[in-house]
Amino acid sequence: MIEKELKGKKFVASYSGGKDSMLSIYRAIKAGLKPLCFIITYNKDRNLSWFHGVPKGVLDSVSKSLNIPIWLIETSGEEYTENFEKALIKAKEQGAEVCIFGDIDLEGHLKWCSERCENVGLKPCFPLWKEDRKKLVYEFLESGFIANFTVINTNKLDDRFLGMTMTKEICEQIEKEGADICGENGEYHTFVSDGPIFKEKVNFKLGEKIEENEYSILPIKDI
């Protein structure tokens with residue numbers, strides 16, 4: 001939920017490249033908040049974003065299409081929390097008052113994100129919090145966003161969905177297999193390449209499948 005009194009305030013968003021962070025950002029913009037920048041944690045050992053594995057070239061293309069700066073938080077796992085807070089401080093110094101997060105109902109995520117904001121004096125905002133997961137997936141798709149499945153946890157979901165473009169029909173198939181339709185339990189990750197706040201579709205390609213422990217991954221690559 002986005003409080004009415006936040007309208008007009010500048011925000012920094014914790015951006016992952018995936019559908020939930022993008023939907024939360026879209027809702028914030030529709031509610032009248034003003035995007036200052038997005039921040040994304042970047043694994044400096046692998047030269048990819050943490051969790052969703054987006055390379056810098058593709059992030060640059062996203063930033064250009066959205067006309068919003070994306071700041072890379074280059075960090076190791078040990079410095080992750082400290083460097084995240086440093087980025088929030090920088091955003092606050094440039095006028096941000098709010099930080100937008102795409103979390104839905106994982107209490108541990110809510111606590112961690114809220115603590116980071118409280119430590120630096122920003123207001124945390126969770127536009128999707130405690131809403132129905134299926135309705136959020138449908139809202140994302142009905143809004144016109146385009147996303148591909150780039151990571152599948154094969155302990156929870158068959159990797160035949162890997163690389164597919166998200167549709168209601170495919171998401172319903174995922175649900176029928178007993179997995180969460182929203183992937184909130186770690187079943188899958190997505191990459192969003194187009195939608196109502198993009199000026200143009202982000203060009204990227206998917207590499208050859210990689211298997212790492214229980215994960216099947218199609219690497220996101222710049223064209």
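The values are calculated or read from the model by the stated rules, or taken from the named source; none is laboratory data. Remember, predicted model here, so these are calculated numbers, not experimental data. All Cβ positions, even for glycine, are placed from backbone atoms using ideal geometry, and neighbour counts span all protein chains on display.
Some observations on this one:
- Just one residue in the set 58, 54 is in a helix (DSSP H, G or I), in contact with a strand residue (DSSP E or B) (Cβ under 7 Å, 6 or more places away or on another chain) and closer than 26 Å to residue 136 by Cβ; that residue is 58.
- Counted residues, segment 18-48 - those being closer than 13 Å to residue 221 by Cα and either at pLDDT 95 or above or more than 15 Å from the chain's Cα centre (by Cα) (or both): 1
- The residue that is surrounded by the fewest Cβ atoms within 10 Å (Cβ to Cβ), counting only those in segment 70-116 that are among the polar types (S, T, N, Q) and outside any helix (DSSP H, G or I), is 76.
- Matching residues, segment 1-22, being more than 24 Å from residue 77 (Cα to Cα) and either of a type in the set (Val, Ile, Thr) or surrounded by fewer than 16 Cβ atoms within 10 Å (Cβ to Cβ) (or both): 1, 2, 3, 4, 5, 7, 8
- In segment 23-43, the residue that is surrounded by the fewest Cβ atoms within 10 Å (Cβ to Cβ) out of those that are in contact with a Phe, Trp or Tyr (Cβ under 9 Å, 6 or more places away or on another chain) and within 19 Å of residue 130 (Cβ to Cβ) is 26.
- Candidate set from segment 146-167 (those that are in contact with a helix residue (DSSP H, G or I) (Cβ under 6 Å, 6 or more places away or on another chain) and either more than 19 Å from residue 194 (Cα to Cα) or in contact (Cβ under 8 Å) with a residue 24 or more places away in the chain (or both)); member that is surrounded by the most Cβ atoms within 10 Å (Cβ to Cβ): 152
- Count of segment 135-157 residues which are touching a Pro at 6+ places or on another chain (Cβ under 6 Å) and farther than 12 Å from residue 26 by Cα: 0
- Options 207, 178, 121, 108: the member that is free of Cβ contacts under 8 Å to residues at least 24 places away in the same chain and in the same structural domain as residue 48 (by TED's automatic domain parsing): 108
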